[in-house]
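A.B. asks: Quick one: this structure, given as structure tokens, is what I'll be asking you about.
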Amino acid sequence: MRKSKGLSARVFKTAWFAKAARKAHIDDVELCVAIREAMQGQADDLGGGVFKKRLNDNMHRSLILAKGGRYWVYEYLFAKKDRDNIADDELVAFRTLAKAYAGLTDKQLEHLLQDKDLTEVCHDD
């Protein structure tokens, strides 16, 4: 998925992902760099708005949910040493969640941010 000129993409991480990233010593700067790479096609497109991106010198895999190029959400993180990939049923669930994120209104998004369910990582203008 490539970002169109003039389109602003906001990048978020879930509360669960934020905790997992802290434990893995992955900071927001690395997440912003990885999103830029994903926007340029340097991520595995798993379909349905789900992307897999390597982080932390290839030690971890992140699942990023994106729909329509407006929102990118770091949703899941796992260590390469712990598992090879996600299961098919997990992929189906992540695709469903990507659709839900795509349908968020600005008000719903602000509510998720206020409740700290999501944290904004970067906003690429």
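A.B. asks: VAL11 - would you say it is within 21 Å of ALA93 (Cα to Cα), β-branched (Val, Ile, Thr), modelled with pLDDT under 95 and open to solvent by less than 20 Å² (accessible area, probe 1.4 Å)?
C.D. replies: Yes, satisfied.
A.B. asks: Taking the range 57-66, which residues are of a type outside the set (Ser, Thr, Tyr), under 16 Å from LYS80 (Cβ atoms) and in contact with a Leu (Cβ under 9 Å, 6 or more places away or on another chain)?
C.D. replies: HIS60, ARG61, LEU63
A.B. asks: Has the range 52-60 got any residue that is on the phi > 0 side of the Ramachandran plot and without any contact (Cβ under 8 Å) to a residue 24 or more places away in the chain?
C.D. replies: Scanning the range 52-60, I find at least one residue that is on the phi > 0 side of the Ramachandran plot and without any contact (Cβ under 8 Å) to a residue 24 or more places away in the chain, so the answer is yes.
The values are calculated or read from the model by the stated rules, or taken from the named source; none is laboratory data. Keep in mind that this is a model prediction, so the values were computed, not measured. Heads up, the Cβs are rebuilt from the backbone with ideal geometry, glycines too, and the neighbour counts pull from every protein chain shown. For accessibility, only protein heavy atoms count, side chains too; no ligands or nucleic acids. Shrake-Rupley method; radii C 1.70, N 1.55, O 1.52, S 1.80 Å.
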